[in-house]
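Undergrad: Can you read through this structure? Questions will come right after.
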Amino acid sequence: MDLGSPGEKHRQAVPNAQAPWAGFDSRAYVKANYLRLHDEDAEIISIMRDHFGDYFREHRQDADPVIGIDVGAGANLYPALAMLPWCKEITLVERSPQNLEYLESQLESYDENWNQFWTVLRENAEYQAYQGDPRRRFHEVTRVEPGNLLDFDRIARRGPWSVGTMFFVAESMTTEREEFDRGVGSFMRALAPGAPFFAAFMEHSEGYHVGAEFFPACDVGEQEVYESLEPFAGKIDTLRLKRLGAPGNLRKGYSGMIVAYGRRNLDSDIPES
Ligand SMILES: C[S@@+](CC[C@H](N)C(=O)[O-])C[C@H]1O[C@@H](n2cnc3c(N)ncnc32)[C@H](O)[C@@H]1O
């Protein structure tokens, strides 16, 4: 999710390392995006919950403990909530110090605004079957870890992760297509063979304001998202893409959102790094 309108800066090349991540205003971001549930998020959550719900209904008996990862978690807890019923551990990886602080502040007992996102997840029978208290479970299983998607070896080594999410990160961290592709690749390589994943992208974003800072975006559409994921997914289960939202619903300077989901290929079916 992005904020504000693009400014002059989007015309310059801004690689990930040059963006002002230390100035990311987490509270302003939450206020604009996640204090109330937007229609786009409700739609995204409904697609994600059915994807994960279907997968875990069929794979409930698998022996390995399930570990989840949300990459570039920012100040958004709902991807982690979507993995909560099945995970014995969820790692939230983030680059910005402010967002790491925000995530840490949510571990003990997350804020009330996140209840409405759990309510949407609970519309799926697999989530209803989970009898525990999500706030307590989040506290018990979630850990926050500083990390850089473009230098992911240290984190990837702690995997492979059995389920993963990445929301508005690869295209919302750089203007550079090469970094976008590399970010998607890092995320997919960190997952276990066959792992279900869910990713979301801003379509044709021109960059975004959070508080006083402006952040870069890479201009991607369905074609670019598909091309970035296709080397890593589609062999075990169809790689699915869906467009949603409309230009201007949340801000100027983007044309919609794209979600992409499926299961990660076997190691033999992904390109060498
Ligand atoms: C538009 S925000 C999305 C945040 C959140 N996932 C959401 O759904 O709202 C982009 C996030 O990517 C993080 N980020 C930027 N560069 C990163 C990198 N190299 N590795 C990991 N996270 C990064 C930012 O700090 C920020 O939290």
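Undergrad: What number does the chain give for Rg over Rh if you use C-alpha atoms and the Kirkwood radius?
TA: Values: Rg = 17.1 Å, Rh = 18.5 Å.
My calculation puts Rg/Rh at 0.93.
Undergrad: Can you give the net charge of the other residues whose Cβ lies under 10 Å from the Cβ of Ser273, counting K and R as +1 and D and E as -1? If you can, show how the numbers build up before the last one.
TA: Values: positive: Arg182, Arg189; negative: Asp153, Glu272.
In short, 0.
Undergrad: Hey, could you pull the Cα Rg and Dmax for region 68-189, both in Å?
TA: My reading of the Cα-based Rg and Dmax gives 14.5, 44 Å.
Undergrad: Take Asp54 and Glu272, extend 7 Å from each Cα along the Cα→Cβ direction, and tell me the distance between the two endpoints in nm.
TA: For the pair Asp54/Glu272, the computed spacing is 3.5 nm.
Undergrad: Moving to a separate point now. Return the inverse of the average 1/r over all pairs of distinct C-alpha atoms in region 197-273, which is the Kirkwood hydrodynamic radius, in Å to one decimal. Before the final figure, lay out the partial values.
TA: Numbers: mean 1/r = 0.0728 Å⁻¹.
About 13.7 Å, per the Kirkwood formula over Cα pairs.
Undergrad: Here's a follow-up. Suppose the Debye formula is applied to equal point scatterers at every Cα of region 150-216; what is log10 I(q)/I(0) at q = 0.15 Å⁻¹?
TA: The Debye formula, applied to the Cα set alone, gives -0.53.
Undergrad: What FRET efficiency would be calculated for the residue pair Thr119, Arg177, taking the C-beta separation as r and a Förster radius of 41 Å, to the nearest 0.05? List each step's numbers first, then the result.
TA: On the way: r = 38 Å, r/R0 = 0.92.
Taking R0 as 41 Å, the efficiency between Thr119 and Arg177 is 0.60.
Undergrad: What does the net charge come to around Gly185 if you take all other residues with beta carbon closer than 12 Å to its beta carbon, with K and R at +1 and D and E at -1?
TA: Values: positive: Arg182, Arg189, Arg264; negative: Glu178, Glu179, Asp181, Glu227, Glu230, Glu272.
Overall, the nearby charge balance is -3.
Undergrad: Mind checking the dipole of the chain: about its Cα centre, +1 per Lys or Arg Cβ, -1 per Asp or Glu Cβ, Debye to the nearest 20? Working shown, then result.
TA: On the way: 29 positive and 44 negative charges, 82 e Å.
Once rounded to the nearest 20, the dipole reads 400 debye.
Undergrad: Excluding the sites themselves, what is the longest stretch of the chain that contains no GluC sites (Glu not before Pro) in a DSSP loop with at most 12 other C-beta atoms within 10 Å?
TA: Values: sites that count: Glu108, Glu272.
Looking at the chain, 109-271 is the longest stretch - no exposed GluC sites (Glu not before Pro) with at most 12 other Cβ atoms within 10 Å.
Undergrad: Considering region 1-159, what Rg and Dmax in Å follow from its alpha-carbon atoms?
TA: Considering region 1-159 through its Cα atoms, Rg and Dmax are 16.6, 53 Å.
Undergrad: Show that you can apply the helix-only estimate: for the chain, add -39,500 (n - 2.57) for every DSSP H stretch of four or more residues, divide by all residues, and state [θ] at 222 nm to the nearest 500.
TA: Values: 10 runs with 89 residues, N = 273.
That calculation yields -9000 deg cm²/dmol at 222 nm.
Undergrad: Can I ask one more? Please give me the summed charge of the neighbours of Leu92: other residues whose Cβ is under 9 Å from its Cβ, Lys and Arg +1, Asp and Glu -1. All intermediate terms of the calculation are to be shown ahead of the outcome.
TA: On the way: positive: Arg143; negative: Asp70, Glu94, Glu145.
Net charge around Leu92: -2.
Undergrad: List the trypsin sites (Lys or Arg not before Pro) within region 123-188 that DSSP assigns to loop and that have no more than 16 neighbouring Cβ atoms inside 10 Å.
TA: Within region 123-188, the qualifying trypsin sites (Lys or Arg not before Pro) (loop, at most 16 other Cβ atoms within 10 Å) are Arg157, Arg158.
Undergrad: Normalising by the residue count of the chain, find the relative contact order in percent from Cα pairs under 8 Å and 6+ residues apart.
TA: Contact order relative to length: 24 percent.
Every number here is computed from the coordinates shown, using simple stated rules; none is lab data. No experiment lies behind these values; they were computed from the predicted model shown. Every residue, glycine among them, receives a Cβ derived from its backbone with ideal geometry; neighbour counts consider all protein chains shown.
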